[in-house]
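Undergrad: Handing you a structure now.
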Amino acid sequence: MKSIKSVYKIGNGPSSSHTVAPYRAAKLFSERYPDADSYKVTLYGSLAFTGEGHGTGKAIRSCLKNCTVIFDRDTKDLPHPNTMLFVAVKDGREYASHRIFSIGGGSIRIEGETSDDEIDIYEQKSFTEMIEVCKQRNISLVEFIKQAEGEGLTDYLRTVWEAMQSAVRRGLKASGTLPGGLELERKAKLLFEKRCYNESADVTMNRMIAAYAYAVSEENADEQLVVTAPTCGSCGVLPAVMYHMQYDRGFPENEILDALAVAGLIGNVIRTNASISGAECGCQAEIGSACSMAAGGLAALYGLNIDQIEYAAEIAMEHNLGLTCDPVKGLVQIPCIERNAVAAMRAISSVNLSRFLYSTRKISFDEVVATMYRTGKDMDEKYRETSHGGLAQIYNGKA
């Protein structure tokens, strides 16, 4: 299994698969073939159907000058739903090409090659195997992660956490309309500032968590700097929960960083054994994964045992099974932003259940991850980030 560092990538929204990964692919291609007179990039599958709304062409052209971007919506039987063909042209002749796949969370895979994202540092693939090692060695999940990752992990997570906090703070101050044509007003500032009369402590907590999630998700929709956790479309869930725990509940930063490590491991297990790509498995792979990461990280932050951590992550994923990816107009706005807030609150509820009921559980985390993957593969293509089904098809803008 790969490093958890590859789960957390800092980049511009609105989509890890449609913006961050294509940008990385274009940058790599331009570095390999800098002497090209021009470039041609063909986008297939989900990238073709929603790439314009996600700003994929813009991201690619920011790296490749004199570049033609083609949206091929007809080619079928693709090796991956997010497939890109990069071609370098010199003196009127196509002299080099690479087929590159956006595999989720901003990661890329070049056909026929092994990238840095593909190097294994964990011997174990499943969460069950990792738990067994922790119990055999009598160590915590955090200790297990640090032993596998080596030096530099804490500094990396600190950089990630700083970027997450910055996105929350910017989003809480911002106002106005998000780009893309939906005329969707930012809501984070309103949620953060507007207190209801006689508001209870529980209502205040939920309002704050929702505000933090909206803040990050609205920054993502505005193509600002965010952190994949594990994707841009689900980037508001984990920061919302952890920001609440540090600034509203008083948990110290070093403990937040350890919680991010556990959350990253959970996201890594999902990515390894299933998918974090909405184009491959629907929104359950994005929001479901983010909810699991937040729940597992929060359980670790509370000092719960390893079985409680696993159960929290399992509950969070299980109750997102079947969630479709149906972005209206191909934008990461409706229903994506609201889903981040709901998932953040669901993550907390999952931890509360796991605290008391973990000894009665019947389903393992690995089993629910496998179920999510099968569900995603069975899901009709139009519900997997094509904007051809669900809310994207029904929405008429009159509500």
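The values are calculated or read from the model by the stated rules, or taken from the named source; none is laboratory data. Bear in mind the structure is a predicted one, so any value in this text is a computation, not a measurement. Backbone-built Cβ (ideal geometry, glycine too); neighbour counts: all protein chains shown. Each accessible area value is taken on the protein alone, full model and side chains, heavy atoms only, with ligands, DNA and RNA left out. Shrake-Rupley method; radii C 1.70, N 1.55, O 1.52, S 1.80 Å.
Undergrad: Can you go through Ile70, Ile60 and tell me which one is in a strand (DSSP E or B) and in contact with a strand residue (DSSP E or B) (Cβ under 6 Å, 6 or more places away or on another chain)? Give the derivation first.
TA: Working: Ile60 fails: in a strand (DSSP E or B).
Answer to the selection: Ile70.
Undergrad: Continuing with this model, one more query. Just the residues that are more than 24 Å from Gln333 (Cβ to Cβ), of a type outside the set (D, E, K, R) and outside any helix (DSSP H, G or I), please, taken from the range 343-399.
TA: Within the range 343-399, Ile363, Ser364 meet the criteria.
Undergrad: Could I ask something else about it? Suppose the filter is open to solvent by 10 Å² or more (accessible area, probe 1.4 Å), more than 30 Å from Gln165 (Cβ to Cβ) and under 20 Å from the mean Cα position of the chain (by Cα); does His98 pass it? Talk me through it step by step, then tell me what you get.
TA: Values: open to solvent by 10 Å² or more (accessible area, probe 1.4 Å): yes; more than 30 Å from Gln165 (Cβ to Cβ): yes; under 20 Å from the mean Cα position of the chain (by Cα): no.
Answer is no for this residue.
Undergrad: What number goes with the only condition from (1) open to solvent by less than 10 Å² (accessible area, probe 1.4 Å); (2) closer than 22 Å to Asp326 by Cα; (3) in contact with a Gly (Cβ under 6 Å, 6 or more places away or on another chain) that Ala263 does not pass?
TA: (2)
Undergrad: Let me ask you something else. Please state which one of Asn320, Asn396, Asn352 is free of Cβ contacts under 8 Å to residues at least 24 places away in the same chain and farther than 25 Å from Lys135 by Cβ. Don't jump to the end; show me each part of the working.
TA: On the way: Asn320 fails: free of Cβ contacts under 8 Å to residues at least 24 places away in the same chain; Asn352 fails: farther than 25 Å from Lys135 by Cβ.
Just one listed residue meets the conditions, Asn396.
Undergrad: State which residue pairs qualify: first residue within 24 Å of Ser38 (Cα to Cα) and without any contact (Cβ under 8 Å) to a residue 40 or more places away in the chain and inside the range 67-88, second residue outside any loop (DSSP other than H, G, I, E, B) and among the β-branched types (Val, Ile, Thr) in any location, beta carbons under 6 Å apart, and separation of 6 or more residues or different chains.
TA: Between residues of the range 67-88 that are within 24 Å of Ser38 (Cα to Cα) and without any contact (Cβ under 8 Å) to a residue 40 or more places away in the chain and residues that are outside any loop (DSSP other than H, G, I, E, B) and among the β-branched types (Val, Ile, Thr), the close pairs are Val69/Val41; Val69/Ile60; Ile70/Thr42; Asp72/Thr42.
Undergrad: I want to confirm something. Restricting to the range 26-56 and keeping residues that are assigned to a loop (DSSP other than H, G, I, E, B) and either within 19 Å of the chain's Cα centre (by Cα) or not aromatic (Phe, Trp, Tyr) (or both), which single residue is nearest to Cys336 (Cα to Cα)? Don't jump to the end; show me each part of the working.
TA: Taking the range 26-56 as the starting set, the residues that turn out to be assigned to a loop (DSSP other than H, G, I, E, B) are 33-37, 55.
Okay, now just the ones that are also either within 19 Å of the chain's Cα centre (by Cα) or not aromatic (Phe, Trp, Tyr) (or both), so 34-37, 55.
Values: Pro34: 37, Asp35: 40, Ala36: 38, Asp37: 39, Gly55: 16 Å.
Step by step, filter the range 26-56, then rank; the result is Gly55.
Here is a yes/no grid of residues against (1) crowded, with 20+ Cβ neighbours inside 10 Å; (2) closer than 16 Å to Ala240 by Cβ; (3) of a type in the set (Asp, Glu):
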{"position": "Arg355", "(1), (2), (3)": "no, no, no"}
{"position": "Arg361", "(1), (2), (3)": "no, no, no"}
{"position": "Val369", "(1), (2), (3)": "yes, no, no"}
{"position": "Asp380", "(1), (2), (3)": "no, no, yes"}
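Undergrad: Looking only at the range 317-342, filter to residues that are part of a helix (DSSP H, G or I) and either under 22 Å from Asp378 (Cβ atoms) or among the polar types (S, T, N, Q) (or both); which one of those is most open to solvent (accessible area, probe 1.4 Å)?
TA: Filtering the range 317-342 for residues part of a helix (DSSP H, G or I) gives 317-318, 328-330, 336-342.
Now narrow it down to the ones that are either under 22 Å from Asp378 (Cβ atoms) or among the polar types (S, T, N, Q) (or both): 317-318, 339-340.
Numbers: Met317: 0, Glu318: 69, Arg339: 46, Asn340: 1 Å².
The qualifying residue most open to solvent (accessible area, probe 1.4 Å) is Glu318.
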